[in-house]
Structures are given as structure tokens and as C-alpha cells.
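This structure is in C-alpha cells; I'll ask about it shortly.
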Amino acid sequence: MLFVELIAQGLVQGSIYALIALGLTLVYGLLRILHVAHAAFFTLGGYIGVLVTNATGSLTLAFLTAMLSAGLMGIAMYRLCYEPILKQPPFVALIASIGLYIAFEELFRIVFGASGLSYQSPPLQKQIEVFGGLTFSQAELMVMGGTVVIIGILGYLQNRTRVGVACQATVSDPQMAESFGIKLRTVRDLNFFIGSALAAFAGVWVALLNNLVEPTMGAVPSYKGLAIIVLGGMGSVRGTLLAALTLGIVESFGTIYLSQFLDRNAIAFAFLILVLMFRPQGLFSKR
Amino acid sequence: MAYEISLLTAMGISVLFALSLNLITGLCGQISLGHAAFLGVGAYTSAMLCKAGIPFYATMPLAMLAAGLVGVVVGLASLRVRDDFLAITTMGVVFLFVGIVRQQDWLGGELGISAIPGPDLSKTGFMWLTLALAAATAALCVYIRKSWMGKVLNGIAEDEDTMRIMGIDVPRYKLAAFAIGTALAGLAGALYGQHFKYVGPDSFGFIESISVLSMVVFGGIGSVPGVIFGAALLSALPAWFQVIGDYKLLVYGGLLFLMMRFSPTGVAGIVRRALKRGANAKGSKPAITGAKP
Amino acid sequence: MLELKNLSCGYGAFQAVGGLSLTLRTGTITGLLGANGAGKSSTLMCIAGHVALQQGQILLEGQDIGAIPPHERVRRGLAISPEGRRLFKDLSVEDNLRVGGLIRPAAEFKHDRDYVLTLFPRLGERLNSLASNLSGGEQQMLAIGRALMTRPKLIMIDELSLGLMPKIIDLCYRALQQLRQDGMTILLVEQNTDRALAVADDICVLESGSTVWQGSAAAAAQDPALTAAYLGLH
Amino acid sequence: DIKIGFNVPLTGFAAFDGNSALQGAKLAVAEANAKGGINGEKIDLIVYDDQASAKEATPVATKLVEKDQVVGAVSGSYSASTRAAAGIFQSAKVPYVVAYAIDPSVTRTGDYMFRVSSMGEVQGRGGAKLVSNLGKKRVVLVTLKNDFGQTLAAGFKDAAPKFDLNIVNEYEYGIQERQFGALIAKIKSDNPEVIYASGYYFNAGPLISQMRAAGITVPIIGQEGYDGEKFIEIAGPAAEGTLMTTSLDRDSEVPVTKDYLAQFRKAAGYGADMVGASSFSATAILIEGLRKTGGKGGAALRDAIAAGAYDMPIGHLTFNDLHEVNKDIQVQIVKDKAWHRHSVIHDPVLLAAPTKDKK
Amino acid sequence: MNAATPALLQVSNMVVRFGGLSAVADVSFDVIPGELLGLIGPNGAGKTTLMRSITGVVRPTSGDVQLNGESLNGMPIHKRIRKGLALSQQLVKPFRGISVLDNVTLAAGAERTGSALKALLHLSQTTENEIGREALARVGIADYAHQMPGIQPLGVLKRLEVARALALKPKLLLLDEPLAGLNSKEAHALASTIAEINRQGMTIVLIEHNLGEVMRICQRLVVLDNGRKIASGTPREVMDQPAVRAAYLGGDTIAETGVSAATGAAHA
Ligand SMILES: Nc1ncnc2c1ncn2[C@@H]1O[C@H](COP(=O)(O)OP(=O)(O)OP(=O)(O)O)[C@@H](O)[C@H]1O
Ligand SMILES: Nc1ncnc2c1ncn2[C@@H]1O[C@H](COP(=O)(O)OP(=O)(O)OP(=O)(O)O)[C@@H](O)[C@H]1O
Ligand SMILES: [Mg+2]
Ligand SMILES: [Mg+2]
């Protein structure tokens, strides 16, 4: 029973990791940038979720606003921050991104206060028994279901449609992609929009699960996200999902049975390093 | 005055630390997001040994040795991964380091080690020691760049596969760069512990690793004077920023971003361009700079 | 079909091509020749929109396309098989062709692809391999095939015979003649000068970024000074 | 003017506590200045942000000592930063009164150090007694993996045998943790009668709401880290019934405390918390010392502070030879979305702070 | 072929498989000291793969490579290079951050860069610069010595690749399509250079599609098709085999004239 419950909890956590890591994967796949500032959209989603729900009482509206505004800001971030430095070596974008993330974190603190925000009456907390005493809150169930569906759709888009092929072409050789009628900006805008909106989506869920949004809430997910895209083999949607769920479960068991030796972050990264020693191309890489 | 001395000492340590990373990242092209772990190994080694009654000066080479050894082990493990994979792996190393140190009671666990005994050296004396070591490190870096090793590392940074075809034992060289770089980080760590008289797991985390990488990139990756400048400036910045109080991290983050956005080659790049402009104004022919295709 | 008026292009402040004027007649093959570094590839990439146009005009069917972005140019009927092939390395052969056909209706893909595969049957055997795993010659075929997938009015091919074995070179040249017959206009850059002279209608010879000779291929072949000095024939 | 220093986290993860602490300290200074300062000289509070980080605290302390030349200083910060600053104040012979940092090594740095809050071990022992007072035996410890949580756990485990408590299991978690699903699943299988969980409000809020959501109904005991309205806001309805050991009694009838509660709400716009009250007390104690020395610092100030007895919002205090305080522990409980008095633990023997010779 | 001279390079039963594809299928051949061996075959025949498995870039599925009687199997690339192999790659890969000369100098420093410690202790590069200049001059790009490779046309870069390989002072030089991208005059010149280098004692394996030049300078050919060795012998012998003609030239008239032009050039 405990075993099942730990797996279930790992899956919940893994779903959230997956949602966050997906945006990182998309951006990494497209531009080869480690987009640390991505986590800012996760936080932003959390804040907008709480603020809109508290103001209007509608969680649906909160999701829509959070995703839409994060998506648009994602596009803005691409245009203003990354587009001009695409030709630079990758660490330039990495440092820029870290700088942006720090600035965003502080901005959230200055605007919304250091102590964070909570829902006045957190929705979707009802407990549902799935089987044999295994219970989930509504929110937990929905986050798992939502993740699988969304990632399924994206995976389909990436591998089986013209849009997906177009995206992948821009990764290999942007200039040539342009010469075959692909508008680079559109493709990249689209990716940033989807990635950022998904991060915001995850942010709203986490806010629901913890009933707390804080300026610093993006930090841990952002570097876990980086670990996940590496585990997933960099740039593959399916790999990212599997890696995120695996990591969720590893952490779930690790925090119980290994917490005397390593903390949660260290467990995650020990796992990562271990995997990379044997599969330097990642756990679920195509290559 | 004592405040300035302490600031200068801290700057010296940062310069040394940043130069050590520059050897690995700037010269050899191996991005490391976990360099603070080696600062930590050096700092803990020196602190523990000092506590055990060994004179501080003797702990410095031992700190270098310990950090260098760990560096080689990490280097060996990292040989199989490249580029961004390496960046994330090294990031993992620093989390692992912090995670492990946290749990070790003999290393002070969460609380770290405080009241580290030190040599009979005045604050000014210690500052001079730090600055001298930083200067020596800078000289060493310049020397390495000029040596054949520098040429090889540079080549590896650009294209390691081709280096192999030119008969270069790439892993050996990468390990050498790792060993030297991490040993120097260990030296910086010894000084760090002595300066703050305190070491704890949180002093050597991911944030520290990022901030030292920022120093290197901010100054101009690969350029020794640039890195010295970047490290000196960024390490002093938070102290100056006290004035803007609440906004200092915002400004710090913004500055990092703006620097990369508008001058990706760092301060060294700005200076280089300015010099070139100066030379052009004097009537020399405009240099053709080929963008990479 | 295409008219270059006093075209200058280059990289930053550097001018690779200066004041090139050239007219391509519809349904002909024009050979752009010259030594290494003469500026042939730069000209092609400038027409495709990837090298900065510093001066002059590019007229495609009378319309100035100098200011429109590359992804629009291909819709106007311009396709390129660039120097160095520039394939989408992480995509399979089939997906590379698919990208070539992006501007065409999805329903036409199969038909267009099969056309390319009859031209280069070797590609048919490697449809699912990644482009990066192809041999040098296979890559060249794919690059040309990919450009053909756009069903261009004008196709620009850089170094057609580079790395190809004689048999395939023959095949490609026959394909070119076929395409010309179908009404396609072709701009060909070639180091294999005698082959180019044999197939082209018009010739333009570049040297250090400017035209040193222009005229019909027949005339070029009969100008011994030209062939010796600029075309590296002996 | 007479300058006193104040290091406090105004940015970074601890900024909320830092703000409460700053409010508390400012109240103490304002009150003293309203009473005419010290011999007519105004007191000037020099505030620097230390981000609750040891690395930032060192230059801050150096600056306070060297540049601002403060006669005394107060820590409104967490343990890591306070401990790093302590050495510098000690070697400069500047008395340093620590508000709520609970790390044991602080007062052992030297004789210029004072602390107005109970140490972690002491509070932990109080926690054990509280469990026993509740009549429970089977305990699960959930320990925040930092100096705060670990010293609490140490104290609790130290006293547990005295009360015949059965510690079924202990789990540790990191300060960044907000999601406790796995841990809670395991706790459920342990089936405890009471849970002793250390953490700050931002850990405890999610922890307790997730535990209650998962169907754990047994009492949960927290400590000073829970103290404040923020915890209740985050945990929502799940907060009801949560207990904590702390030093500020919201239902106090003592005038200083009542006064402070009202003033703080007016100044800060939210209800008083332990952090603010402790900072107020620490600052007020330093000022009282200065009043006795007529504004002089150094050894005179040190001795003056050590000799005094103080009635503060956090209770009646005296310092022992290690300059730790001996005082009662307040137990508060959440009722109707607010902290209220549950009980007071008065046990001078059990709650005795460590002294110079005894650890 | 002289059975008495021991082979410099001996490739036996080499097999390289990528997934289901046999890029090289059971190929064996010898390279005799001092010869200039042409390796030809259709596109995708496995020539590059074969060469890469000799240098160790690709790990063969099975097979055996010996240099001077010493087995190279399982040896890392750099060790094989130090045993006396040098490779000029099909796709040029110059170091863009340093000048053309420095590119060659770096290769010429093999002596110094053998061990990291030695490399650390040496600064001077005068002798290496000399070797570098010589190598550049040999392939005819001495004028470009101080320019950056990033802005050089392909023709220069191709020769830079060859120069870099020469500077390693190998026993056996492996050239993968060095003439591609050069015009006939330049190709002719570089081919002559290669022949000249060979005459001075260097053993060379040359992969090339420029049949005219191959026929002109190679003493012996090995032909691959679909991963298999289908022929070997003198250029004339090989070209007279119908299998080779079918695989490589196609049966039609253009090809015929192509060959006669090519073979004609060989006599010119
Ligand atoms: N990315 C670039 N940046 C700067 N200069 C360049 C760049 N690419 C080419 N050049 C320069 O432009 C000039 C023309 O080069 P281009 O590649 O157009 O020549 P080409 O005629 O195609 O030569 P080849 O036959 O070798 O392909 C050369 O002097 C070259 O050095
Ligand atoms: N890494 C790889 N993975 C899968 N297939 C590969 C790989 N490398 C080469 N191949 C395949 O092996 C076959 C032989 O390739 P190779 O590059 O050796 O041919 P080649 O004889 O050099 O041809 P060319 O003359 O066109 O350069 C080709 O069909 C190619 O697609
Ligand atoms: Mg060209
Ligand atoms: Mg090949």
C-alpha cells in the first residue's frame, strides 16, 4: 500500500516537473538555450492564478489568464531578450537567462511581497478515493490527467505533423528552414508561447496543491527541469515526460528512504549523474 | 579602512576563484555550473585541518590537493558528457556536494564550521597574501595560455573531435585542465574559510557557482584581465548596492542580463572594440571580422 | 525570369560581390563560374536572402524582391541547394523532403516526393535515415531533391557535382536538362567547368566579386583566353 | 546621535520575517526616542540587509563596526548570518543582542553576545513536555533539515525519555520543500498519536494542509517558525487546532505585551509575531543598557546588559552566565483563524538554558 | 604488387554496420609502403566509413587493422594518429579562432603535445611554425598563412586540411576527397602536389571522385560498392572490369566520353 502511495505521489510530482520541463525542452530543442528564466513563468502563473481566483472566484478564468499572459510574455521575452543574442555561444544566453530569472524573482517579491500569496478558499481540495484507500485530491488527479493529455497532444504535433517537422527543421538549420518557407519568428513565438503557457499552467497547479505562491517558488523546479531535459535526452517531448515521471518517483522514494543521507535535490542529481555515466546521451534519447 | 581591506580581500579571493574557473571554461571550453563545490572542498579541508591544529599555510597545499583530486574524479565522470550535458552534470555535482556535506556531522552538518583558527596575520597581512596569490594565479593563467597546453586546450574548446584526429589525447588534457582549475579553486577555498572564519554548506551551492560563472562571462570569457576585472567588480557590487537596498538583486540580475544582451563578449569585448575604434580613428585600415557562418 | 541590377552584397562592411548585373532568361541554364572566393556562393545566398544586399536590385519576374524575407522568396518560386548542402541533420531523409514541400499543399507531398525519388533512387533506399548519416554524395542528392520539392520556377544549385561520382553527375546533368525542358530556370554554380560549359546556355564569370566575362556558353567555350585564365581549363 | 546597528534579511527567502523584525526594532527605537533618547541624544538605527546569508552578513557586520562605528548591534536575522556576524562584533568588542537566531554557537562566540530567545534545544525539550501534557505517547518527528530544525529535534529527543515518549520515526526535509506527498504517505503508515513538525510558516503551511487533506487528524505541534498570521493564511481551515511553542502570548494580560501587540498592528498593518516581538525586545534591551552607561559602549555596555532584568513583550528575562535567557514557553493554538493561548510551560529545570560550563 | 614488401597498412575482414545497414561488408586490402592507393566507388559505397574505421572514429563491428604489423584494434583515435596515421577529412573542420598557420602549427606540435605536462612546460613554437609554413607552401596556400580560416573559400580550406595532416609527419596519409570543390586547374595542381608528396616517400590512401586525377596519379585502385570490395589493381585493369563500369560510370555514352576524357587527361 505504502509502495503504491509513494508511486502515486511520485507521479503527481513528476507531472508537475513534466509540465515545467516541457517548456525548457521546447526552447532547448529550438534554440539550444538553457532557458532558466522559464521558471519565472511558472511563478507568474502561480501568482496570476491566486490573484484571479481570489478576485473573481473562477479557477477556469484564472487558468486562462495565467496561461495567456505567460504565453504572451514568453513571446516578448524571446523577441526582446533572446532573439538578439542567438548567434552568441550558448553560455551567453544562459547567463542572460539567469540574470533575467534573478530580476524576475525580485520583481515578484517587490510587487507581491516577500511572504507570498494564498487562496482565500483553495478550490479542488476534495479527496477522492481511487481504490483500496488510495486517495487523491481533485487537484492531484487533474494535474496528472492534464499532463498526460497535453503532452500526448504535443508529442503528436511534434512528430507527426507538418508544424512539428517545420519546428525541427529550424533547429537543425534556421537559415535553410527560412529558405523553405518557414517563418522563424512564427515557429519560435509559437514554441515560447506554448512552453511559457504550460509553465504557468503548472504554476497554477502548484499554487493549488500548496496553497502558497512565493517569489522563490521557481528556483527548484527550474534546475530540476534542466536535469529532466537532460535525462529525457534533450529536445524530445516523450523523453521529457518519461524522465519527469521517473524523477518524481525516484524522489518520492528517496525522500523517505534516503533522506538520512541526501536531501531531495541531491537525490535527484545523484540519479541524474548516475544515469549519465551509463547513458551519456540521456535516459530516453532517440540517439 | 578595515572595511576596505576586508572588501579587497574578498575581491582577491573572487578573482582567484574566477580565474580557476576560467581555466576550465574559458580556456578548455568545458562549461561548469558546479565550480563552487571545489571552492567548498578546499574551504572545508583547510578549515578542518586548521581546527585540528595544522598551521593554515600548510593547509593551503592540502586544500589544493583535495580539491584537485575531487576535480579529477568529477572530471573523469564528466568525460563522457559534453556541452550542455556537461553543464547540467556539473550543476548536479554542486547539489550533490551540498547535499552530502549537509549530512556529515563531522563537517558540522547544517551548521558548518565556525571560529576557524588562523595564522598570526593582521587583516592587512592577509589581504596582501590573498592579493599576491591572486596575482600569481593570474600570471599562471597567462603562462598556460601561451604554452602548448594553452593551444591544445583552446583547440579542444573549439572542436575536440578534430583535436583527436590531430593526435591529441583529449581526455588527458581535459583532466589536466580540471585538475589545475579545481586545485586553484581549492586554494581560493582555503582563503575563503580563513577570511570569513566560517564555512557552511550554503556557502558553496549552485548560486555561488552561477555567480562565479557570471564573473567570468561578465569580464569576458577567456580573457585573463577581463576575468580579473569582472570578478573584482561583481564581488564588490553587492556591497556598493547596499545603497539601493531593496532593489539590489533586481539591479544585479538586470545588469547581468543587459550585459549579455548588449555586450556578449563581456567587458573585455567592450574594451577590445573601443581599442579597435581608437586604432581605426588613427587611420589604420578597418579590420574585417568574419562572422561564423 | 531573374534580373540582377548592379548587385553588391557582403558580410558586414566587407563586400564580397560588387556591381553584378545579370539576366536569367526563363527556361535556360545560366552558369556562374569563377575561382575559389570569387563570390559565387555569396551571390546565390544574397538572391536567397541570406547575405546582406548592400546595393542594387534583385528582380524576380519584374518584381523587386530585394527587401522581402527569405521565407517569402521561396513562395515566389525561388529555391536553393546551397553550398555545403545545409541539410536538416536531425531529420530523416523523408522529413527533409517534407520540409521542402512545406509551401505546397499537403496532398501533393507523395507525388512530389516520388518524383524526386525517381530522379535519385538511392534516396529511396535511405528514406528513414537521418540526413547526417548520409554519405557525401547522398547528401548532395538530398539537397537538390529538397529544393525541387518546392516546385520552383528558378532553382539555384551551388557546386552541383561536388562529391558526386561520375554516374550521378551524369544523372544530375540529365535531370537539369529535363528541368529546363519543363520550363524551369536554373542558376548553376560549378567548379567542374567543362560540364557547366557543356550544359549551360549563358555563362557569367566572376573574379574577386565582379564580372569579368558574360555571354553565351558557346562563345565562352571558344574563347581560349577566358577558359585558360578564369575557368581553369587546360 | 548614538548609533546602533541592525542586520536583517530584507531580500531573499527570509524577507518577510526580516520585515517584521525591522518593524519591531523600529518600534523600540521610536519608543526610546519619544522618551527623550539617551541623555537627550537620539538613537539612530543603522539597518543593513544581510539576505539571511552568512556571506552577506560578514561585510555587513564589518561595515557596521568599521564604517558606522556603532556602539552596539542587534541581530534581526537567522542563524547562519547571525553566527557569521557574531565573530566580527565579538572581536570588535561591540555588544550584539540576538533576537531570534537559535544557533547554539552564537553565544559561545564570546562574552559580547546576548540572546533573548530560547535556544532550539530548550524549545525542543518544551515540545516534549507539551506532548506529554497532551497525554500522548507515539510521536513522529518531521524535522526541517537546518540548524533550527535539527536543534529542536535534538532537544526533543533529549527530553523524550523523561516523558516516556515513543518516537516512532523521524523524517527530514529541506527548507525549499513545499510538497510532502511522499512523506505524508509514510507518516500515515506510522500511525502516530501526535506529530512534532519543525519548519517555517512557508513549509508548515503546505505541510499541515496536505496532512489534513490526506486524512491525518492527530494533533500537530510546531514552534516559533509557525509564529505569525501567514501560517494560518496558507494552511487555511487546516490550520485550526495546530499548536506551537513560542514566546509571544497573543492573549497576554501583561501591559508591555498588550501594548506591543497593539502598536505592532498599527505600525505594520498585520498582527504581531514572535520575530517582531523578539527584535523589539532585543533592541529595547540594548537601549536600556545604553541608558545605564550613558551611551557608552564596550565592556561597560556589556556588563550593564548582562546585569539587568527586563520585562519585555516576550516575557520576563534575565541572562545567565552564557548570556542566554531563562523564560517560560508559551503554547499557542489556532482557533477561529487566529493564534490564542493554549497553555504556558513553566519548568525552570527542564527549560534551563545551557550555561558556560555545561553544554 | 610486391609480395616481398610487408604491407604498411593491413585491413582484414572489416565490417561496419549501422543498425541494419552494412556500410562496410567484409573488406580486406593492403597498403604497400610508398604507394599512392586510390579508394573509389559510388556515393554511399562506404569509403568514408572504411577510412573512419581505420582511424578509429567509427568502431567497426568486426575486422582487423594493422599498421606496420601492429594491431590498431581498440586503440583510441589519438593513439592511432601517433602511430603514424593522418587524416584529411571530407568535410573541412579548421579551427576558426586561430590563423591558418596556427592551425598547421598545432598539428606540427605533436612532439610537444604528446603529454600534457610537456605541453605545459613548453612555450617556443619556432620550429613548429617552420614545419607549418613548409606544409602550407607545399599545398600552395602559404600566402594565406596569417589570415583567419573563417573567411577563406573552400579551396583554401581543403588544402589547409591536407597541410594539417602533412604537418603531423605521418607514415600513412589518408585523404578523403581533397579535390572536391576545386576547379579543374586547382584540382590538377593539388593532385600533382599529392603525387609529389608521394614521390618523396609518403604512403597515401586517396578517396576521390575526380576520376581523371585519380587515374593520373594513383598507382593502384581499390573499388568499393555497397560496402564490398569489387575490384582492385592498376587503374587501367580496374576500369576495364565491367562490374566497376556498371557501378561507377553507368553504361551510357556520356559516361563513356567522360571516361575517355578522364583517361585522356591522364595521358596529357
Ligand atoms: N561568412 C562570411 N563572412 C565574411 N566573409 C565571407 C563569408 N563567407 C565568404 N566570405 C568571403 O566572401 C568572398 C566570396 O566568397 P564565396 O563563398 O561567395 O566564394 P565562392 O565563389 O563561392 O568560392 P568557392 O568556389 O570556394 O565556393 C570570399 O573572399 C570569402 O572569404
Ligand atoms: N553514422 C551513420 N549511421 C548510419 N548510417 C551511416 C552512418 N555513416 C554512414 N552511414 C551510411 O553508410 C553508407 C556509407 O557511407 P560513407 O560515408 O562511407 O560513403 P562514401 O563511400 O564515403 O560515399 P561518398 O562518396 O558519397 O562520400 C551510406 O549509405 C551512409 O548513409
Ligand atoms: Mg562557393
Ligand atoms: Mg565519403
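I need every pair where a residue in the stretch E:63-89 that is assigned to a loop (DSSP other than H, G, I, E, B) has its Cβ under 8 Å from the Cβ of a residue that is charged (D, E, K, R) and buried (at least 19 other Cβ atoms within 10 Å of the Cβ), sequence separation at least 6 or different chains.
E:L72/E:R80; E:P76/B:R164; E:P76/B:D169; E:Q89/E:E161; E:Q89/E:D176
Could you check the stretch A:258-287 and list, in sequence order, the residues that are modelled with pLDDT of 85 or more and within 14 Å of A:G10 (Cα to Cα)?
A:I267, A:A268
While we're here: If C:Q140 satisfies all but one of (1) within 16 Å of ligand 3 (Cβ to nearest atom); (2) of a type outside the set (D, E); (3) not in a helix (DSSP H, G or I), what's the number of the condition it fails?
Going through (1) within 16 Å of ligand 3 (Cβ to nearest atom); (2) of a type outside the set (D, E); (3) not in a helix (DSSP H, G or I) one by one, C:Q140 breaks only (3).
How about the stretch E:99-196: which helices (runs of 4 or more DSSP H) wholly inside it have at least 1 residues that are within 16 Å of ligand 2 (Cβ to nearest atom)?
E:154-167
Can you find a residue that is over 28 Å from B:A177 (Cβ atoms) and buried (at least 19 other Cβ atoms within 10 Å of the Cβ) anywhere in the stretch E:160-169?
yes
Name the residues in the stretch B:184-222 that are touching a residue at least 24 places away in the same chain (Cβ under 8 Å) and more than 14 Å from the chain's Cα centre (by Cα), would you?
B:G193, B:Q194, B:H195, B:K197, B:Y198, B:V199, B:G200, B:P201, B:D202, B:S203
Please go through (1) at pLDDT 90 or above; (2) of a type outside the set (D, E); (3) not in a loop (DSSP other than H, G, I, E, B) for E:S22 and return the number of the only condition it doesn't satisfy.
Of everything listed in (1) at pLDDT 90 or above; (2) of a type outside the set (D, E); (3) not in a loop (DSSP other than H, G, I, E, B), E:S22 misses just condition (1).
Next question, about the same structure. Taking only the stretch D:31-66 into account, find how many residues are in contact (Cβ under 8 Å) with a residue 60 or more places away in the chain, touching a Phe, Trp or Tyr at 6+ places or on another chain (Cβ under 8 Å) and not hydrophobic (A, V, I, L, M, F, W, C).
0
Continuing with the same structure: Within the stretch C:99-107, is there a residue that is facing another protein chain (nearest Cβ under 8 Å), over 17 Å from C:I157 (Cα atoms), hydrophobic (A, V, I, L, M, F, W, C) and surrounded by 20 or more Cβ atoms within 10 Å (Cβ to Cβ)?
yes
Residue-wise test of (1) touching a residue at least 24 places away in the same chain (Cβ under 8 Å); (2) closer than 22 Å to A:F63 by Cα.
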| site | (1), (2) |
| --- | --- |
| A:S172 | no, no |
| A:G181 | no, no |
| A:F201 | yes, yes |
| A:V237 | yes, no |
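Which residues, counting only those in the stretch C:111-143, are closer than 17 Å to C:R75 by Cα and in contact with a strand residue (DSSP E or B) (Cβ under 9 Å, 6 or more places away or on another chain)?
Hits for the stretch C:111-143: nothing passes.
To keep it simple, each residue is scored yes or no on (1) more than 16 Å from ligand 2 (Cβ to nearest atom); (2) within 14 Å of chain C (Cβ to nearest Cβ); (3) over 30 Å from C:L171 (Cβ atoms).
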{"residue": "E:Q10", "(1), (2), (3)": "yes, no, yes"}
{"residue": "E:F18", "(1), (2), (3)": "no, yes, no"}
{"residue": "E:A25", "(1), (2), (3)": "no, no, no"}
{"residue": "E:S28", "(1), (2), (3)": "yes, no, yes"}
{"residue": "E:L37", "(1), (2), (3)": "no, no, no"}
{"residue": "E:I40", "(1), (2), (3)": "no, yes, no"}
{"residue": "E:H78", "(1), (2), (3)": "yes, no, yes"}
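Still on this structure, please answer the following. Check whether at least one residue in the stretch C:79-90 is in contact with a Pro (Cβ under 7 Å, 6 or more places away or on another chain), of a type in the set (G, A, S) and at positive phi, and report yes or no.
No, the stretch C:79-90 contains no residue that is in contact with a Pro (Cβ under 7 Å, 6 or more places away or on another chain), of a type in the set (G, A, S) and at positive phi.
Same structure, new question: So E:P178 passes all but one of these: (1) more than 14 Å from chain C (Cβ to nearest Cβ); (2) within 16 Å of ligand 1 (Cβ to nearest atom). Which condition number does it fail?
The failed condition is (1).
Somewhere in the stretch B:157-177, is a residue in a helix (DSSP H, G or I) and away from chain E (no Cβ under 14 Å)?
No, the conditions are met nowhere in the stretch B:157-177.
Out of curiosity, is E:V223 within 16 Å of ligand 1 (Cβ to nearest atom) and at pLDDT 90 or above?
no
I would also like to ask the following. How many residues are within 16 Å of ligand 4 (Cβ to nearest atom) and either outside the structural domain of E:R80 (by TED's automatic domain parsing) or among the small types (G, A, S) (or both) when one looks only at the stretch E:166-184?
2
Tell me yes or no: at least one residue of the stretch A:36-46 is free of Cβ contacts under 8 Å to residues at least 60 places away in the same chain and part of a helix (DSSP H, G or I).
No.
Going residue by residue through the stretch E:130-153, is there one that turns out to be outside the structural domain of E:M215 (by TED's automatic domain parsing), surrounded by fewer than 24 Cβ atoms within 10 Å (Cβ to Cβ), within 16 Å of ligand 3 (Cβ to nearest atom) and under 16 Å from the mean Cα position of the chain (by Cα)?
Scanning the stretch E:130-153 turns up no residue that is outside the structural domain of E:M215 (by TED's automatic domain parsing), surrounded by fewer than 24 Cβ atoms within 10 Å (Cβ to Cβ), within 16 Å of ligand 3 (Cβ to nearest atom) and under 16 Å from the mean Cα position of the chain (by Cα).
Go through the stretch C:1-55 residue by residue and tally those that are within 18 Å of the chain's Cα centre (by Cα), polar (S, T, N, Q) and within 12 Å of ligand 1 (Cβ to nearest atom).
So the answer is 4.
Anything in the stretch E:104-118 that is under 18 Å from B:S147 (Cβ atoms) and crowded, with 24+ Cβ neighbours inside 10 Å? List them, or say none.
Once the filter is applied, which keeps residues that are under 18 Å from B:S147 (Cβ atoms) and crowded, with 24+ Cβ neighbours inside 10 Å, the stretch E:104-118 yields E:T105, E:L106, E:A107, E:A108, E:G109, E:T113.
Still on this structure, I have one more. So which residues in the stretch D:272-319 are in a helix (DSSP H, G or I) and farther than 23 Å from D:I2 by Cα, if there are any at all?
D:M274, D:V275, listed by residue number.
Let me ask another. Answer yes if at least one residue in the stretch A:239-256 is over 21 Å from D:R178 (Cβ atoms) and at the interface with chain B (Cβ under 8 Å from one of its Cβ atoms), and no otherwise.
Checking the stretch A:239-256: not a single residue is over 21 Å from D:R178 (Cβ atoms) and at the interface with chain B (Cβ under 8 Å from one of its Cβ atoms).
What residue, of A:E140, A:E106, is charged (D, E, K, R), more than 14 Å from chain B (Cβ to nearest Cβ) and part of a helix (DSSP H, G or I)?
Answer to the check: A:E140.
I would also like to ask the following. Just one of B:G278, B:G253, B:G245, B:G290 is closer than 29 Å to B:E4 by Cα, at pLDDT below 85 and of a type outside the set (D, E, K, R); which is it?
Every option except B:G245 fails the conditions.
Is it the case, given these coordinates, that E:V92 is closer than 24 Å to C:S135 by Cα, of a type outside the set (G, A, S) and away from ligand 3 (no atom under 16 Å from the Cβ)?
No.
Out of the residues in the stretch C:33-50 meeting the condition of being within 16 Å of ligand 3 (Cβ to nearest atom) and more than 13 Å from chain E (Cβ to nearest Cβ), tell me which one is farthest from C:Q178 (Cα to Cα).
Per the stated criteria, the residue is C:H50.
Somewhere in the stretch E:76-99, is a residue closer than 23 Å to B:G167 by Cβ, within 16 Å of ligand 4 (Cβ to nearest atom) and β-branched (V, I, T)?
Yes, some residue in the stretch E:76-99 is closer than 23 Å to B:G167 by Cβ, within 16 Å of ligand 4 (Cβ to nearest atom) and β-branched (V, I, T).
The values are calculated or read from the model by the stated rules, or taken from the named source; none is laboratory data. What you see is a predicted model, and the numbers here were worked out from it, not measured in a lab. With ideal geometry, Cβ positions are generated from the backbone for all residues, glycine too; neighbour counts draw on all protein chains shown.
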